[in-house]
1. How far, in degrees from 0 to 90, does helix 102-115 lean away from the longest principal axis of the Cα atoms of the chain, to the nearest 10?
2. What's the center-to-center distance, using Cα atoms, between the range 345-412 and the range 223-277 in Å?
3. Any chance you could give the angle, 0 to 90 degrees and rounded to 10, that helix 474-494 forms with the longest Cα principal axis of the chain?
4. Based on the mean of other beta carbon atoms within 10 Å per residue, what is the order of 228-238, 354-364, most packed first?
5. Given only helices, namely DSSP H runs of n ≥ 4 each adding -39500 (n - 2.57), what is the per-residue ellipticity at 222 nm of the chain, to the nearest 500 deg cm²/dmol?
6. Leaving out same-chain residues fewer than 8 places away, which lysines sit with a Cα under 29 Å from that of Lys400?
7. Treat each spin label as a single point 7 Å out from the Cα along the C-beta direction, and report the Val361 to Arg59 distance in nm.
8. Of the heavy-atom accessible surface of the chain (probe 1.4 angstrom), what whole percent is carbon and sulfur?
Amino acid sequence: MAATLVRSRAMITKTLSATTWEEIADGALIQEDGIITAIGTYDELRRKHPSLPVVGSGREVMLPGFVNAHHHVGLTPVQLGSPDMPLELWFVTRMVARNVNPYLDTLYSAFEMIGSGITTVQHLHGWAPGKLPDVEKRAGEIIRAYEDIGMRVSYCFALRDQNRLVYQADQDFVASLPPELRGPMQRWFDRFQLTLEDNLDLFRNLHASHNSKRRVRVQLAPANLHWCSDKALAAMAELSHSHDAPIHMHLVETAYQKEYARRRGGGTAVEYLDRFGLLGPNMTLGHGVWLNEKDIDRLAETGSCICHNCSSNFRLRSGVAPLNRFEAKGINTAIGLDEAGINDDRDMLQELRLVLRAHRVPGMGDDEVPGMGQVLRMATVGGARTTSWRDGLGMLEVGKGADLSLIDWDSIAFPYLDELTPTLDAVVQRAKASAVRAVMCAGEVIYQEGRFTRVDREGALKALHDDLSRALADDEVERRQLSKALLPHARRFYADYIDPARHEPFYRPSSRV
């Protein structure tokens, strides 16, 4: 790959604290073969390397590439007919989803992610029907889409070997239903045919095929405590250790999951995972809304990570994660857009603003609420640390991966912006995805002036539209009917699941959430 010089009006290389960062006016860098080899001012580097091609006009702000540390699908649930609902009921409404082409579906969300400056995604794939060859083929199509468009992907398949719809054994839930629903419900369960050993083989096969690639990594994903047997948790711990593979696991997203952990193990979900040696720098917990103080202390002690999915927590009525406590304890946190952001898209710039403002508790303490440096860190190096790239990404620094975005300053500052406004404050609070002028991943420009350099966006979206314009298949019709019929039974299952006195929310109006 040829070397290039990337210039900017201002280059924000890395964060130094929750409120400070390193910035170089008229900053520039040189990348060679996807690695940053020099940092300085544009004039300085241009004098030393006059023949290098230049990316950027000098009117942009340069940022490290964003990492979407928790992502699932392309077309959003709303687009596929599943409205926002409380999480446990939403699982039932998700059954209406169409049979979507995985390659085209992945490209759809990749267009949105790259267009907002995201260069790396943690793709948590789940609910793929069929036997091992079928699932492995779908996984390959998802990975191929990211390879074709040029962004980095850390892929993992979400392991589920029990309690696949409600927090109860599949056979017990089927038996609790009226006779006319038992057959359709069992057919839905029967679509998913991976055994536990199949899940482990899937990881081994994908890891051997893809993990050595520059822009692909393969990780582990025990889907959630209620979805995984003890045998599955032990197997995940063993594979993570043998392959030095990071793990990404949903945990205590809702109060119902907190209660499930108490019923299963007599304590918290974090305490349960700790029995299997799963905590540590290789573990990322997705959501973590209902962690208690002791859990948070233990996660900090072990160096475990948390991915904050702010939009999802709001949309699915899960609660407000105690992000300020995570920060106070020094826990590495990342940002995930999950199924979709607050605007039903994958806009990381919008998500930065949401995280910045969702945790602004009353009071005068400057260190009690997220700062600009904190949210940028979460979206860059914080996310990278939850993947196998770890500290190799997320900063514009010699030796790091050349992943970055250029954001048009005039779009932020016109018609007026006070000169005292710090650069990062202006970017985080005002930049829109439409201001992203270029995105570089591994030293390659993959998006420039609204155009994707590797994939025809219009052609891909038309193909996706045409594919979904077909009539519903018989199995799609049955799932839609089943979803509607199951909803009252799911409501009844959870009606008395929680004792309100036992589950007082962690977050209170006076607490630092």
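The values are calculated or read from the model by the stated rules, or taken from the named source; none is laboratory data. None of these values were measured; they are calculated from a predicted model. Note that we place each Cβ from the backbone using ideal geometry, even for glycine, and neighbour counts take in every protein chain shown. What goes into the accessible areas is simple: the full protein's heavy atoms, side chains included, and nothing from ligands, DNA or RNA. Shrake-Rupley method; radii C 1.70, N 1.55, O 1.52, S 1.80 Å.
1. Result, in degrees: 40.
2. 28
3. On a 0 to 90 degree scale, this one is about 80.
4. Numbers: 228-238: 18.5, 354-364: 15.4.
Averaged packing, sorted descending, gives the order 228-238, 354-364.
5. Details: 19 runs with 196 residues, N = 513.
Calculated at 222 nm, the ellipticity per residue is -11500 deg cm²/dmol.
6. List returned: Lys14, Lys48, Lys213, Lys329, Lys432.
7. A separation of 4.4 nm, rounded to one decimal place.
8. Values: 9940 of 19950 Å².
Summing carbon and sulfur atoms, their accessible area is 50 percent of the total for the chain.
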